[in-house]
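Chemist: Before I ask anything, let me first share the structure, which is written out below as structure tokens.
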Amino acid sequence: MRTILSTPKTEMIRRLRRLLWALAGTSFAALSLNLFIVPSGLYTGGIMGFCQLLRTLLVEYLNFPAHFDIAGIIYYIINIPIFIIAYKQVGRWFLFKTLICVTWYTIMISVIPIPETSLLPDDVLATCIIAGIITGFGTGTTLKMGSSGGGMDIVGIMLIKWKKDFSVGRISLIVNLVLYSVFLLLFDVPTVIYSLIYSSASSFAVDKVHTQNINMEVNIITKKCCPEMENEIFNELGRGITKWTSMGAYTHETSEVLYILASKYEVGHLKEIIRKYDPNAFIVVKEGVRVDGNYLVKL
């Protein structure tokens with residue numbers, strides 16, 4: 001008998017709720033950027049940091065109008081070819097949600113007024129730490145809801161699929177080392193140091209809200225395993241499945257056991273897929289397993 005959890009309406013409500021939380025996360029990140037970082041003359045890392053650098057060069061060296069911060073527009077433009085390239089390499093629902101989040105992030109950055117000074121103008125260190133915590137909370141929430149803010153997250157997924165010994169942390173480290181080296185050549189040392197403090201605080205907060213690289217072992221016992229369920233796991237998550245037939249010791253009823261290894265941020269999406277086909281499935285999740293061999297590390 002089907003329960004309310006398996007109805008399309010309930011599935012749509014669940015997905016919409018997670019998307020709204022993801023958008024809330026991007027809103028926190030945009031607020032932190034416009035109310036703390038930009039007024040303080042500091043810079044983030046990753047692709048957004050590159051966009052801020054490009055904006056500064058356009059304004060200060062090419063006399064581009066400074067009344068409107070175009071960093072968000074530049075960020076959106078850079079993400080367009082990334083999305084086109086990544087279309088067939090990542091889960092389409094994940095990519096769709098990320099596109100919505102990037103669009104919303106761009107809108108928020110463009111409409112949130114930037115004050116003349118930071119909300120904490122007399123304490124730059126406190127500004128960096130508070131802004132980092134807010135940004136990390138927002139970014140972590142977005143990731144926890146099975147989405148991302150685009151940029152290096154998507155690039156990392158593609159590079160890992162191309163060469164398995166890559167990691168997103170290593171890629172981000174290389175990009176930020178190059179970026180902050182350029183900052184050091186163009187700006188004063190305090191700007192670079194405070195920007196690094198902000199980035200470090202943000203990364204710490206992200207890990208507290210959502211540690212991305214924790215491997216999870218997921219065992220699903222279901223009586224309703226079907227090719228559609230398996231194909232959706234393959235297509236949406238890109239994860240393999242090992243399965244076998246089991247029998248309940250008390251009921252003597254047969255079930256299918258699915259064994260899947262995934263990263264922590266994928267488990268929520270995996271549960272959604274399983275509940276869609278079998279609301280009564282028994283799901284066991286073990287955190288922090290060590291994996292050796294042909295396993296795809298993602299975000």
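The values are calculated or read from the model by the stated rules, or taken from the named source; none is laboratory data. Quantities reported herein were computed from a predicted structural model and do not represent experimental measurements. All Cβ positions, even for glycine, are placed from backbone atoms using ideal geometry, and neighbour counts span all protein chains on display.
Chemist: From the list N235, N231, N176, which residue is at pLDDT below 80 and of a type in the set (S, T, N, Q)?
Modeler: Numbers: N235 fails: at pLDDT below 80; N231 fails: at pLDDT below 80.
Answer to the check: N176.
Chemist: Among what's in the stretch 188-247 and is among the small types (G, A, S) and in the same structural domain as K97 (by TED's automatic domain parsing), pick the residue that is nearest to V285 (Cα to Cα).
Modeler: Start the filter on the stretch 188-247 by keeping residues that are among the small types (G, A, S), which leaves 195, 199-203, 205, 238, 240, 246.
Restricting the remaining residues to those that are in the same structural domain as K97 (by TED's automatic domain parsing) gives 195, 199-203, 205.
Values: S195: 38, S199: 32, S200: 30, A201: 30, S202: 28, S203: 25, A205: 24 Å.
Only one residue fits best here, namely A205.
Chemist: Do we have S110 as buried (at least 24 other Cβ atoms within 10 Å of the Cβ) and farther than 11 Å from I37 by Cα here?
Modeler: no
Chemist: OK, next. Can you name the residue in the stretch 1-20 that is surrounded by 15 or more Cβ atoms within 10 Å (Cβ to Cβ) and within 22 Å of T135 (Cα to Cα) and, of all such residues, is modelled with the highest pLDDT? Before you say what the answer is, go through the steps one by one.
Modeler: Taking the stretch 1-20 first, the residues surrounded by 15 or more Cβ atoms within 10 Å (Cβ to Cβ) are 6, 10-11, 14-15, 18-19.
Right, trim to within 22 Å of T135 (Cα to Cα) and you get 18-19.
Details: R18: 85, L19: 88.
That would be L19.
Chemist: Six or more apart or on different chains, Cβ atoms under 6 Å: show the pairs whose first residue is in the stretch 77-97 and at pLDDT below 80 and whose second is surrounded by fewer than 19 Cβ atoms within 10 Å (Cβ to Cβ) and in a helix (DSSP H, G or I).
Modeler: Listed by first residue and then by second, the contacts come to A86/M158; Q89/M158; Q89/K161.
Chemist: Please work out which one of (1) buried (at least 16 other Cβ atoms within 10 Å of the Cβ); (2) under 30 Å from N34 (Cα atoms); (3) of a type in the set (G, A, S) is the condition S200 fails and give its number.
Modeler: Checking S200 against (1) buried (at least 16 other Cβ atoms within 10 Å of the Cβ); (2) under 30 Å from N34 (Cα atoms); (3) of a type in the set (G, A, S), the one that fails is (1).
Chemist: Of the numbered conditions (1) in a helix (DSSP H, G or I); (2) under 22 Å from the mean Cα position of the chain (by Cα); (3) in contact (Cβ under 8 Å) with a residue 12 or more places away in the chain, R55 satisfies every one except a single condition; which is it?
Modeler: (2)
Chemist: Give me a count of the residues in the stretch 122-166 that are assigned to a loop (DSSP other than H, G, I, E, B) and modelled with pLDDT under 75. Can you show your working first?
Modeler: If we filter the stretch 122-166 for residues that are assigned to a loop (DSSP other than H, G, I, E, B), which is where we start, we get 122-123, 145-151, 163-166.
Within this subset, residues satisfying the condition of being modelled with pLDDT under 75 are 146, 163-166.
Qualifying residue count, the stretch 122-166: 5.
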